[in-house]
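Note sheet for the following structure.
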Amino acid sequence: MMINNYSYTPFTGRASIIKDADKICRIVNSDFPHLSPYLSWHQYHQPYTHYQAFIPYWSKLDDLREATKATDTAYDYYDVLIKKLKNNKCANCGELSDIVYLKCKNKNFEDVKCVQLGGISPVYKKRKEKYDHIAVMFKHKGKDIVIDPLFGFADFLPNALVKYKTIFKHLISGFNENFDLNLFDSWTVKIHPYDLKELTKKYEHLIG
């Protein structure tokens with residue numbers, strides 16, 4: 001699913017940092033061919049037989065995760081990740097967010113991290129539900145900015161939460177109208193500046 005499948009707010013009047021973040025989002029979405037069986041199943045309401053056709057891609061994603069976990073350094077992790085993305089032509093929110101993370105680090109954005117969408121029950125304040133969806137968040141002049149490469153947008157956090165509650169709610173498994181949505185820290189494979197420099201030399205056209 002390519003990023004241009006969704007409608008966008010015109011750039012007129014948008015902060016330049018959002019334009020920069022949106023550009024990263026578009027590049028990752030177009031440079032890394034990906035397929036989400038979850039998105040295809042829910043957005044297009046295809047029959048179960050159509051969904052079954054995507055099951056092998058889930059296996060590839062699982063293999064990718066296990067392979068990256070087995071590596072010793074952040075360089076190795078991302079090297080394996082990029083190779084498998086290129087070979088399998090398949091990724092989901094987590095893998096795409098990892099690439100966005102690298103590009104944001106190359107841009108010297110502040111406090112870059114992967115985040116997971118979740119909700120808190122307004123009745124049971126301690127009840128936190130995390131949805132199976134990962135994005136990237138960073139700070140700019142004290143404000144949180146979200147880049148979501150799978151859903152295909154970049155925006156300030158409050159605006160992003162509105163999008164999750166409205167435009168994309170049908171794509172979120174287990175979405176609960178009564179929960180207060182937010183983005184929570186997720187597992188981020190932090191990379192040392194030297195490793196990032198070496199990795200960028202190898203994949204300049206992808207993460208530079």
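The values are calculated or read from the model by the stated rules, or taken from the named source; none is laboratory data. Remember, predicted model here, so these are calculated numbers, not experimental data. Cβ sites come from the backbone with ideal geometry, for glycine too, and all protein chains shown count toward neighbours.
When the range 105-153 is filtered for residues that are among the aromatic types (Phe, Trp, Tyr) and surrounded by 14 or more Cβ atoms within 10 Å (Cβ to Cβ), the ones remaining, listed by number, are 109, 131, 138, 151, 153.
Of the residues making up the range 126-138, not a single one is out of contact with any strand residue (DSSP E or B) (no Cβ under 8 Å at 6 or more places or on another chain), under 19 Å from residue 207 (Cα atoms) and of a type outside the set (S, T, N, Q). For the criterion of being at pLDDT 90 or above and hydrophobic (A, V, I, L, M, F, W, C), residue 196 passes. For residue 85, the requirement of being assigned to a helix (DSSP H, G or I) and over 17 Å from residue 194 (Cα atoms) is met. The number of residues in the range 190-208 that are under 19 Å from residue 113 (Cα atoms), assigned to a loop (DSSP other than H, G, I, E, B) and not hydrophobic (A, V, I, L, M, F, W, C) comes to 3. Candidates 176, 159: the one that is surrounded by 13 or more Cβ atoms within 10 Å (Cβ to Cβ), without any contact (Cβ under 8 Å) to a residue 24 or more places away in the chain, out of contact with any Leu (no Cβ under 9 Å at 6 or more places or on another chain) and not in a strand (DSSP E or B) is 159.
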